[in-house]
1. Take segment 78-120 and flag every residue that is among the hydrophobic types (A, V, I, L, M, F, W, C), under 13 Å from Cys64 (Cα atoms) and out of contact with any helix residue (DSSP H, G or I) (no Cβ under 7 Å at 6 or more places or on another chain).
2. If the requirement is being assigned to a loop (DSSP other than H, G, I, E, B), more than 14 Å from the ligand (Cβ to nearest atom), surrounded by fewer than 14 Cβ atoms within 10 Å (Cβ to Cβ) and not basic (Lys, Arg), which of these qualifies: Gly112, Gly96?
3. Which of the numbered conditions does Gly65 fail, given that it passes all the others? Conditions: (1) within 21 Å of Tyr15 (Cβ to Cβ); (2) in contact with a Leu (Cβ under 6 Å, 6 or more places away or on another chain).
4. Could you give every pair whose Cβ atoms fall below 6 Å, whose first residue belongs to segment 114-128 and is aromatic (Phe, Trp, Tyr), and whose second residue is part of a loop (DSSP other than H, G, I, E, B) and modelled with pLDDT of 70 or more, counting only separations of at least 6 or pairs across chains?
5. Name the pairs whose Cβ atoms lie under 7 Å apart, with the first residue in segment 1-17 and within 30 Å of Trp93 (Cα to Cα) and at pLDDT 90 or above, the second surrounded by 10 or more Cβ atoms within 10 Å (Cβ to Cβ) and among the β-branched types (Val, Ile, Thr), and 6 or more positions between them or separate chains?
6. Looking at (1) out of contact with any Phe, Trp or Tyr (no Cβ under 9 Å at 6 or more places or on another chain); (2) within 15 Å of Gln31 (Cα to Cα), which is the only condition His66 fails?
7. Among the candidates Ala71, Ala62, single out the residue that is in contact (Cβ under 8 Å) with a residue 12 or more places away in the chain and on the phi > 0 side of the Ramachandran plot.
8. Filter segment 29-77 for residues that are surrounded by fewer than 16 Cβ atoms within 10 Å (Cβ to Cβ) and among the acidic types (Asp, Glu) and give the result.
Amino acid sequence: MPQDPENSDEVTRPYDRLVLVCVKGKSCPLQGAENICSQLREEIFQKGLTHRIRVVKSGCLAQCGHGPVVAVEPNGSWFSEITEEKVPSLARWLLGEAELPQEMLYSPPQLGKNILPVKDWPIPPESDSGS
Ligand code: FES
């Protein structure tokens, strides 16, 4: 008998954690998201845990301006304004070596899209050379 996916408790995921790093939208790429993704991947690789934690490049998560945005599933923990300096703390939590970095958690104003006006996007100075 086929199972109702809405009511199934069966776990079928091949990784403990799936880490989505928004790198394709309008704001996160300007905020260093590619570097964040690379740094996270390197931390996971160095610990030999690529079989348990998968870091993937994501398209826009519709939270533009709050980035770089990182979403961790199935935890449901989302992080905003991740910088290179914050990656080690985030990685330690992903690796099970530290508590959840509460100060980095994203607090969405509402469910669904939360896109800031462009003028409010915090863009690192080195990425703002076009203005
Ligand atoms: S560009 Fe990252 S959430 Fe839209």
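1. Hits for segment 78-120 are Ile115, Leu116, Val118.
2. Numbers: Gly112 fails: more than 14 Å from the ligand (Cβ to nearest atom).
Going through Gly112, Gly96 in turn, just one is assigned to a loop (DSSP other than H, G, I, E, B), more than 14 Å from the ligand (Cβ to nearest atom), surrounded by fewer than 14 Cβ atoms within 10 Å (Cβ to Cβ) and not basic (Lys, Arg): Gly96.
3. Answer for Gly65: the failing condition is (1).
4. Note: pairs meeting the criteria are Trp121/Ser27; Trp121/Gly65.
5. Tyr15/Ile53; Asp16/Ile53; Arg17/Ile53; Arg17/Val72
6. Result: His66 passes all but (1).
7. Values: Ala71 fails: on the phi > 0 side of the Ramachandran plot.
Ala62 is the lone residue from the list that is in contact (Cβ under 8 Å) with a residue 12 or more places away in the chain and on the phi > 0 side of the Ramachandran plot.
8. Across segment 29-77, the qualifying residues are Glu34, Glu42, Glu73.
The values are calculated or read from the model by the stated rules, or taken from the named source; none is laboratory data. These numbers come from a predicted model, not from an experiment. Cβ sites come from the backbone with ideal geometry, for glycine too, and all protein chains shown count toward neighbours.
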